[in-house]
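The values are calculated or read from the model by the stated rules, or taken from the named source; none is laboratory data. This is a predicted model, so every value here is computed, not measured. Note: ideal-geometry Cβ built from the backbone for every residue, glycine included; neighbour counts use all protein chains shown. The protein model used for the area step is the full one, side chains on, heavy atoms only, and it has no ligands, DNA or RNA in it. Shrake-Rupley method; radii C 1.70, N 1.55, O 1.52, S 1.80 Å.
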Amino acid sequence: MKDIVIKKFAEVFGDADGAEAFFAPGRVNLIGEHTDYNGGHVFPCALTIGTYAVARKREDRKLRFFSMNFEHLGIIESGLDDLKPSKEAGWTNYPKGVIWAFLEKGYEIRCGFDILLNGNIPNGSGLSSSASVEVVTGYILSELLGLNVPDQELAIIGQFSENNFNGVNCGIMDQFAIAMGKKDNAIFLDTSDLSFEYAPIKLEGAKIVISCSNKKRGLGDSKYNERRAECEEALKEIQAGMGINTLGDLNEEQFDKVQMAIKDEDRRKRARHAVYENQRTIKAVSALKNNDIELFGKLMNESHVSLRDDYEVTGLELDTLVEEAWKIDGVIGSRMTGAGFGGCTVSIVKDEAVDLFIDKVGKAYKDKIGYNADFYVVEIGPGPCRL
Ligand code: GLA
């Protein structure tokens, strides 16, 4: 891929003198959904698919972007002095946002850049193509300007740019999973203080299979921000009678006792999901440590049910993928992953059942939904790197 992107860079920008190639992964979350903005735990991992980039410094303050995924848009030009937060959906809003965020955080950027990107994460699939673009951009700035920005800071800057430049109120999970990715490990992250540990994923005799619903989802226009606001409101109602900082501070029994402080039934369901999902994530990681993969799978299934019934972010497409997966012998666990409302599911499937899984789930999905799902057997890869 390195040769392909460098060749394309030369074609698009005249030559590739002084240009360097980089990569940042996508991510999949194994369990711990919609907990990251509720002070809870998440358990994502970086993938070996992601965003390839070629970049070089310019002598002036121009920014020129080109994406091989949106070739028809050609080169998109901007300038270091023209970066203003906006909710426009154009893809360059992500790299621009990160450059803006570096400036906001006081990093000195004295020159413009030519940047070419080529991603092999399906867009809008819930595998964090946008966070991957954010992290690769931050990594490029850090490397080409010699800023030595720590990987964890790249995650924080990525989230800051998405919140404040793109107007999406996302949590830290995606950028953290990508910036801190480690081969064959998932990251058990406590979002209340960013403490984390790596957990080796040794799925002897099983694979991680991602099923992409091909129902597109835009975070900005989804109900994501609405869910977040509902949780904040529910937290305030509980805080009126109890000293907690986040919903992640509560266990199931504590929540059950105080839940009637939340006046609205829907809001109560959102908060219940946030609390129970956080506890499920803690239990799932300890199941994995005890090599109890069956229990891990069962908790994944429960996570989906909670996202379907309490958080209400699944929808017919994701429910069909998951419910069909559950019918197949050899499926250890299956659930939606990411924000929901479309995007992907993640399943742990025994080796010998993978072909059958793809065939059966694929056919049932096509019959019910009318178009195809795509399937990817994925591997867990490292964080950003220079190629
Ligand atoms: C999106 C957001 C994350 C997280 C997930 C849901 O991927 O970017 O911060 O909230 O949804 O778990």
Inset, instruction - Using a Gaussian network model of the chain whose springs link C-alpha atoms within less than 10 Å, name the residue from ASN185, ASN278, ASN290 with the highest mean-square fluctuation. - result: ASN290
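Taking each pair of different alpha-carbon atoms in the chain once, compute 1/r for the pair, average those values, and report the inverse of that mean as the Kirkwood hydrodynamic radius in Å to one decimal.
Evaluated over the chain, this radius sits at 21.4 Å.
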Legend entry - Accessible carbon and sulfur surface of the chain relative to its total accessible area, %, 1.4 Å: 47
Inset, instruction - Take the Cα coordinates of the stretch 199-280, assign each an equal point scatterer, and use the Debye formula without solvent to give log10 I(q)/I(0) at q = 0.14, 0.20, 0.22, 0.23 Å⁻¹. - result: -0.63, -0.88, -0.96, -1.01
Inset, instruction - Obtain the nm distance between the two label points defined at ASP184 and LYS207 by a simple spin-label model: each point lies 7 Å from its Cα along the Cα-to-C-beta direction. - result: 1.8
Legend entry - Of TYR94, TYR107, TYR37, the one that fluctuates the most in a GNM where the chain has Cα springs shorter than 10 Å: TYR107
Legend entry - Point-charge dipole on Cβ atoms (K/R +1, D/E -1) for the stretch 1-41, about Cα centre, debye to 20: 140
Inset, instruction - Tell me the chymotrypsin sites (Phe, Trp or Tyr not before Pro) within the stretch 192-284 that lie in a loop according to DSSP and have at most 16 other beta-carbon atoms within 10 Å. - result: none
Inset, instruction - Compute the accessible area per residue over the chain, keeping the other protein chains in place, probe 1.4 Å, unit Å². - result: 40
Legend entry - Cα-based shape type of the stretch 235-352, given that a ≥ b ≥ c are square roots of the gyration tensor eigenvalues and the cut on a/c is 1.5: oblate
Legend entry - Percent RCO, i.e. relative contact order, over the stretch 165-234, from Cα pairs under 8 Å lying at least 6 residues apart: 31
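Over 25 Å between Cα atoms, which of LYS215/LYS360; LYS84/LYS215; LYS7/LYS84; LYS8/LYS62; LYS223/LYS283 qualify? Before the final figure, lay out each step's value.
Numbers: LYS215/LYS360 19 Å; LYS84/LYS215 30 Å; LYS7/LYS84 32 Å; LYS8/LYS62 20 Å; LYS223/LYS283 28 Å.
LYS84/LYS215; LYS7/LYS84; LYS223/LYS283, as the Cα separations exceed 25 Å there.
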Inset, instruction - Could you point to the residue in LEU103, GLN152, LEU127 farthest towards the positive end of the stretch 59-158's charge dipole, with +1 and -1 charges on the Cβ of Lys/Arg and Asp/Glu respectively? - result: LEU127
Inset, instruction - Could you work out which residue, out of ALA21, ALA177, ALA325, moves most in a Gaussian network model of the chain, that is, has the largest mean-square fluctuation with Cα springs under 10 Å? - result: ALA21
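Please report, in debye to the nearest 20, how large the charge dipole of the stretch 54-102 is about its Cα centre when each Lys and Arg carries +1 at its beta carbon and each Asp and Glu carries -1 there.
It comes to approximately 160 debye.
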Inset, instruction - For every helix of n ≥ 4 consecutive DSSP H residues, a contribution of -39,500 (n - 2.57) applies; sum these over the chain, divide by its total residues, and give [θ] at 222 nm rounded to the nearest 500 deg cm²/dmol. - result: -12500 deg cm²/dmol
Inset, instruction - Give me the Kirkwood hydrodynamic radius of the stretch 59-186, using the inverse of the mean 1/r over all pairs of distinct Cα atoms, in Å to one decimal. - result: 14.8
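Dipole of the stretch 79-194, Cα-centred, from +1 at each Lys and Arg C-beta and -1 at each Asp and Glu C-beta, to the nearest 20 debye?
On the way: 7 positive and 15 negative charges, 32 e Å.
Value, rounded to 20: 160 debye.
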